[in-house]
Amino acid sequence: MGKPDYGKFFASRINYMYPSPVREAVAKIAYKSKIKPIISFAAGEPDPEVLPRDIYANLAAEIFRKVPKIVNYAPAEGVLDLREEIAKFMKEYEGVETSYEKVIVTVGGSQALDIVARVLLEPGDIVITENPSYVNTLLCWRHYGVQLTGVEMDEKGMRTDKLEEKIKELKNKGRLVKLIYTIPTGQNPSGITMNLERRKHLLEIASKYDILVVEDTAYNHLVYEEVPVKPLRSMDKEGRVIYAGSFSKVLGTGLRVGWLEAPEEVIEKVRYSKQPMDMCAPVPSQYIVLEVLRRKMFGDIKMRAIEAYKHKRDLMLKALDTHLPELKHTRPVAGMFILLWLPEKIESYAFADVLLEKYDVAVIPAARFFLGEEGRNVIRLNFSMAKPNLIDEGVKRIAKLVGELAEQV
Ligand SMILES: Cc1ncc(COP(=O)(O)O)c(C=O)c1O
């Protein structure tokens, strides 16, 4: 019959599959940086120079010798001792009372978010997110055919007054909202942290309209100022909040260790969903994280990261204020990102391409983080990975290109 016509074999689900702007950019930068040095403000990762690789090397050497089942399957829900340590971690660092039965170890927070959708969402369901929101969750949840609706943010986080308006509006049309997805601390891509009042209001709204909340806490441990906030989950009295955790941003993205903490009724289904998916999260990584927690090393690793990234954040904010004083940008107190609004007429994808080609600076066009067209002139800048001595230079080059394009349009 010859070469198959693959198009006719694809599932209709592929219509919801788009490339991640972050992953695409990272691939382009990896290729480019083989040819010449690039100043990258692109990927949202911890700085390899800050991560304690020596500690991991020593732990790994010990674990591989001592744990007979280190390269065998673990239970799908995770190594039991790690689940217990995570439950303790949530108490110590998040003020959340929980137990290991409500914790499942996942392949990063990414898998936790995917499984939430598998277990709870079906085509047509309405999910409300911050606008903009984390692009991979948007891309992933679209695979399930859900209807994503955005609520605008200001510097205090999601506008919960608008959230309630939206829920009412939908209700009047006979449509019920199933889930609210929020990244309340150091949000990706905006860097914004939701204040306590809004957090409380969001929970009140979820209760009033009988909606579940998914709280993505990927950046909860990278907080650079004294901010009186606590996780939504710690204030949840009804069991409405599903907590997606990740060790990626403090301990390292390549470990691929995250978790989901949820009421046991939900966790049971999550377990059934995860078992055939991957058998278990990578076992050596689970043991490394287990030992980091057990030996009380997380606090020091976190403090070292905070010190480094706070400094880089300050350098980037200063550079933006110096070289691009007329442009709007966010001022994060947590996380790894700053959003920058380019002049209206500059399209962010084209801008990022030219910036990389001509000025050897990498940024992420933020359009796909937005739910509508409002992000077409916005770029996301990461400060955690950048070399401190190159931050000012990188921003200066961004300003140069903005100046050139502003003259043309
Ligand atoms: C908001 C948010 N949630 C979840 C993740 C997932 O990270 P991981 O799968 O490495 O835990 C990321 C990574 O960038 C993120 O920014």
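Computed from the coordinates by the stated procedures, all read-outs in this text should not be read as laboratory data. Only a predicted model underlies this, so the values are computations on that prediction, with no experimental measurement involved. All Cβ positions, glycine included, derive from the backbone under ideal geometry; neighbour counts span all protein chains shown.
With +1 on each Lys and Arg Cβ and -1 on each Asp and Glu Cβ, how big is the dipole of the stretch 70-296 about its Cα centre, in debye rounded to the nearest 20?
That gives a dipole near 240 debye.
Compute the distance from the alpha-carbon center of the stretch 274-289 to that of the stretch 318-351, in whole Å.
38
Within a Cβ distance under 13 Å of HIS201, other residues only, what is the Lys/Arg minus Asp/Glu net charge? Working shown, then result.
Numbers: positive: LYS156, ARG159, LYS162, ARG198, ARG199, LYS200, LYS208; negative: ASP161, GLU164, GLU165, GLU197, GLU204.
Net charge in that neighbourhood comes out at +2.
Taking K and R as +1 and D and E as -1, what net charge do the other residues with C-beta under 13 Å from the C-beta of GLN147 add up to? Walk me through the numbers before you get to the answer.
On the way: positive: ARG142, LYS166, LYS173, ARG175, LYS178; negative: GLU122, ASP125.
Around GLN147, the charge tally is +3.
Using mean Cβ contacts within 10 Å as the protection proxy, how do 299-307, 193-201 order, highest first?
Numbers: 299-307: 15.1, 193-201: 18.9.
Order by mean packing, descending: 193-201, 299-307.
Below 8 Å, C-alpha to C-alpha, sequence gap of six or more: please give me the relative contact order for the stretch 70-296 in percent.
Dividing the mean separation by the residue count of the stretch 70-296 yields 30 percent.
Excluding residues fewer than 8 places away in the same chain, name every one of the aspartates and glutamates whose C-alpha is closer than 16 Å to that of LYS66.
ASP81, GLU291
Between GLU197 and ILE70, 0.36 nm times their residue separation minus their Cα-Cα distance comes to what? Walk me through the intermediate numbers first.
Numbers: separation 127, 0.36 × 127 = 45.72 nm, distance 4.50 nm.
Extra length available between GLU197 and ILE70 comes to 41.2 nm.
Which shape class applies to the chain: rounded if a/c is under 1.5, otherwise prolate when a/b exceeds b/c and oblate if not, where a ≥ b ≥ c are the square roots of the Cα gyration tensor eigenvalues?
Working: a/c = 1.37, a/b = 1.17, b/c = 1.17.
In terms of gyration-tensor shape, rounded.
Can you tell me how the stretch 1-73 classifies by the Cα gyration tensor, rounded, prolate or oblate, using a/c under 1.5 as the rounded cut? Please report the intermediate quantities before stating the final value.
Numbers: a/c = 2.89, a/b = 1.40, b/c = 2.06.
Note, shape of the stretch 1-73 comes out oblate.
Identify the GluC sites (Glu not before Pro) of the stretch 349-409 meeting these criteria: DSSP loop state and at most 12 other C-beta atoms within 10 Å of the C-beta. Numbers along the way, then the final one.
Working: sites: GLU357, GLU373, GLU374, GLU393, GLU404, GLU407; in loops: GLU373, GLU374.
Those that pass, being in a loop and sparsely packed, are GLU373.
Leaving out same-chain residues fewer than 8 places away, which aspartates and glutamates sit with a Cα under 18 Å from that of LYS358?
Here the aspartates and glutamates satisfying the reach criterion relative to LYS358 are GLU347, ASP392, GLU393, GLU404, GLU407.
Measure out, as a whole number of angstrom, how far apart the alpha-carbon centroids of the stretch 363-392 and the stretch 47-92 sit.
32
Going down the table (LYS208/LYS269; LYS328/LYS400; LYS168/LYS274; LYS34/LYS274), which pairs top 27 Å between alpha carbons?
LYS168/LYS274; LYS34/LYS274
Placing +1 on the Cβ of each Lys and Arg and -1 on the Cβ of each Asp and Glu in the chain, which of PHE351, TYR309, GLY186 has its Cα farthest towards the positive end of the resulting dipole?
Checked the options; the winner is PHE351.
When a/c reaches 1.5 or more, the comparison of a/b and b/c decides; with that in mind, is the stretch 202-254 rounded, prolate or oblate per its Cα gyration tensor? Mind dumping the intermediate values first?
Numbers: a/c = 3.45, a/b = 1.74, b/c = 1.98.
Cα axes put the stretch 202-254 in the oblate bin.
If the only charges are +1 at each Lys and Arg Cβ and -1 at each Asp and Glu Cβ, what is the size of the charge dipole of the chain around the Cα centre, to the nearest 20 debye? The partial results should precede the final answer.
Numbers: 60 positive and 57 negative charges, 143 e Å.
With Lys and Arg at +1 and Asp and Glu at -1, about 680 debye.
Quickly work out the SER207-to-TYR93 label distance, labels modelled 7 Å from Cα along the C-beta direction, and quote it in nm with one decimal.
It works out to 2.8 nm between the two label points.
Label-point separation (nm) for LYS34 and LYS318, each offset 7 Å from Cα along Cα-to-Cβ?
3.7
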